[in-house]
Amino acid sequence: QAQLVESGGGLVQPGGSLRLSCAASGNIFSINAMGWFRQAPGRQRELVATIASGGSSNYADSVKGRFTISRDIAKNTVYLQMNSLKPEDTAVYYCMVRYKELHSGLLAAFDAWGQGTLVTVSS
């Protein structure tokens with residue numbers, strides 16, 4: 001199964017920027033989509049942004065115009081550039097990769113999740 005390693009979280013002041021990275025490794029035949037989710041204390045996990053294999057991206061309304069998702073296909077890595085951060089962006093951010101593995105000539109689809117990285121926006 002794929003393993004995801006996230007980095008880039010931390011403490012930032014309102015209006016500041018952070019860049020999250022998530023590298024996928026392991027038995028990956030192909031990647032269908034990559035994305036970022038977040039979970040604030042006492043709230044459900046929510047979608048932040050996704051990017052499909054063809055390159056199309058999708059964002060939560062709350063982050064449109066401030067966050068940008070991108071990827072490096074050769075490195076199986078997805079990034080989340082977060083600008084103009086607000087206190088309400090404070091959460092644990094999780095990356096997700098939807099991929100396929102090849103087993104005995106058959107492709108099987110899986111979702112893998114990162115361990116989470118904490119982003120705190122506070123003065």
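For the reader, a short list of remarks on this structure follows.
- Every pair of residues 6+ apart whose Cβ atoms lie under 6 Å, when the first sits in segment 97-117 and is within 16 Å of GLU6 (Cβ to Cβ) while the second is open to solvent by 90 Å² or more (accessible area, probe 1.4 Å): ASP111/ARG98
- Counted as qualifying within segment 16-72 are the strands (runs of 3 or more DSSP E) with 2 or more residues that are open to solvent by less than 60 Å² (accessible area, probe 1.4 Å), over 16 Å from MET82 (Cβ atoms) and modelled with pLDDT under 95, namely 30-39.
- Segment 95-106, subset of a type in the set (A, V, I, L, M) and open to solvent by less than 90 Å² (accessible area, probe 1.4 Å), residue farthest from VAL48 (Cα to Cα): LEU102
- Residue-level check: of (1) at pLDDT 95 or above; (2) under 20 Å from THR117 (Cα atoms); (3) surrounded by 13 or more Cβ atoms within 10 Å (Cβ to Cβ), ALA2 misses just (1).
- Condition check for LEU80: outside any strand (DSSP E or B), in contact (Cβ under 8 Å) with a residue 60 or more places away in the chain and crowded, with 20+ Cβ neighbours inside 10 Å: no
The values are calculated or read from the model by the stated rules, or taken from the named source; none is laboratory data. In this text the structure is predicted, and so the values were computed from the model without any measurement. Neighbour counts are summed over all protein chains in view; Cβ atoms, including those assigned to glycine, are modelled from backbone coordinates with ideal geometry. Surface areas here come from the heavy atoms of the whole protein model, side chains and all, with no ligands, DNA or RNA. Shrake-Rupley method; radii C 1.70, N 1.55, O 1.52, S 1.80 Å.
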